[in-house]
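Quick notes on the structure that follows.
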Amino acid sequence: MPTIPTEAAGVGRPRWRWPHYLALAAVPVLGLQVWTVTTWLADGPRQVTEFRDRTSASWYGAHAVEAAMLIVASAVIVHLVRDVRRQGRLLTFDMMFCLCGATLWWADEALNFWVPNFLPSSNFVNLTNPCGHLPFVVNPDCGRVPDAILFFFLVETFGVLGAAMVAGAGIRRLRARFPHLSTAQVVLLIFAIGLAIDVTWESASVGIGLWNYTLSPALHLGKAGARFPLVEALAGGVWFATFIVIRNFKDDRGRSFLERGLDHHRPRTRSAITLLAMYGLFQFVMWIPGNLPQALASFYQPRWPRMPAHIVNDACDAPGVSGTRYGPCPGSPGFRMPGRRSLPGASP
């Protein structure tokens, strides 16, 4: 009796590939997000407006970048509509990319999971953020920091795809001119692009007071204690680069690795697995290279500089700020990291 080849023997029992494992891993993360957002909504998020400074450059800058991102979002939406019409299906790869990007906002302030260190200005359209409702969060006042929800939502939903599209077009032209570039060289180039994107837009944003970090070592930008930490530059570079790679590395059939190995499934099942796998991968990128390095670095903060009230927003007792619920800021004399259920400055 002839031996059945390995490939033939596997028919009917297809091997699991990366999309299957990522989709499976995404399920508990999705449950965690649903829990966090649901409890946050039930608690009644509000805008932080007490410390806004309508005469500052930050006020005008915040609304200028929000308007700019609305323009970018409009351009990307036009692309999505054309792409859907061209392919004749709703869940195109780029549509999934935007849908998964739209789920990232809940982790915007997770850098403050243990102690505060990332401080967006309340001059933005904002809401108190969901961080305070994350299970096992250590910082008991994590949800107090305002989330620039309109701006960051637009960046993560549409801006990242737009950046990946522009970067991808540039990389294709470069590879056409230099066809001998290896995959490793292209990946390094993409990391350089991601690093350039993050350093350019974040250093400008920190410099005009749209947000600030309290980590070190850092570049000191302008006045009012503006700091852009090196760990954020590296993390942000990896963050942008990973999304560029996800969209632009495809096989000769135009499929990303999130779409391969699914041919034995029905079209709707393939789309569902790819969408869930992409969600899981996006969350991994947001939490691990995006948030974890800064969150770990937050244990080694220097003393906070004096910063504008619309940046501090009573997150803790910073120079010029006292009597907050949190107590002394990290790096301050007498600082002790509060327990999960204790706020040293809170009323009994």
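The values are calculated or read from the model by the stated rules, or taken from the named source; none is laboratory data. Fair warning: this is a prediction, and the values are worked out from it, not measured in the lab. Neighbour counts run over all protein chains shown; Cβ positions are idealised from the backbone, glycine included.
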Output for region 28-47, where each listed residue is outside any loop (DSSP other than H, G, I, E, B) and surrounded by 12 or more Cβ atoms within 10 Å (Cβ to Cβ): Val29, Leu30, Leu32, Gln33, Trp35, Thr36, Val37, Thr38, Thr39, Trp40
Criterion (modelled with pLDDT under 95 and surrounded by fewer than 22 Cβ atoms within 10 Å (Cβ to Cβ)) met by exactly one of Leu99, Leu91: Leu91
Breaking point among (1) surrounded by 11 or more Cβ atoms within 10 Å (Cβ to Cβ); (2) at pLDDT 95 or above; (3) part of a helix (DSSP H, G or I), for Asp53: (3)
Residues located in region 194-240, provided they are aliphatic (A, V, I, L, M), surrounded by 20 or more Cβ atoms within 10 Å (Cβ to Cβ) and over 19 Å from Asn123 (Cα atoms): Ile197, Leu215, Ala235
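Quick one: how many residues across region 79-128 are assigned to a loop (DSSP other than H, G, I, E, B) and over 14 Å from the mean Cα position of the chain (by Cα)? Please lay out each step first, then the result.
The first filter runs over region 79-128 and keeps only residues assigned to a loop (DSSP other than H, G, I, E, B), leaving 88-92, 102-103, 108-109, 113-117, 121-126.
Now restrict to residues that are over 14 Å from the mean Cα position of the chain (by Cα): 88-92, 113-117, 121-126.
Of the residues in that region, 16 qualify.
Within region 295-303, can one find any residue that is assigned to a helix (DSSP H, G or I), aliphatic (A, V, I, L, M) and modelled with pLDDT of 95 or more?
Initial filter on region 295-303 (assigned to a helix (DSSP H, G or I)): 295-300.
Among the residues that remain, those that are also aliphatic (A, V, I, L, M) are: 295-297.
Next cut, modelled with pLDDT of 95 or more only: none.
No, region 295-303 has no match at all.
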One residue from Val199, Val155 being at pLDDT 95 or above and either more than 21 Å from the chain's Cα centre (by Cα) or more than 30 Å from Thr49 (Cβ to Cβ) (or both): Val199
Pair list, Cβ under 6 Å, 6 or more apart: region 256-275 residue assigned to a loop (DSSP other than H, G, I, E, B), other residue surrounded by fewer than 20 Cβ atoms within 10 Å (Cβ to Cβ) and basic (Lys, Arg): Ser256/Lys250; Gly261/Arg17; Leu262/Arg270
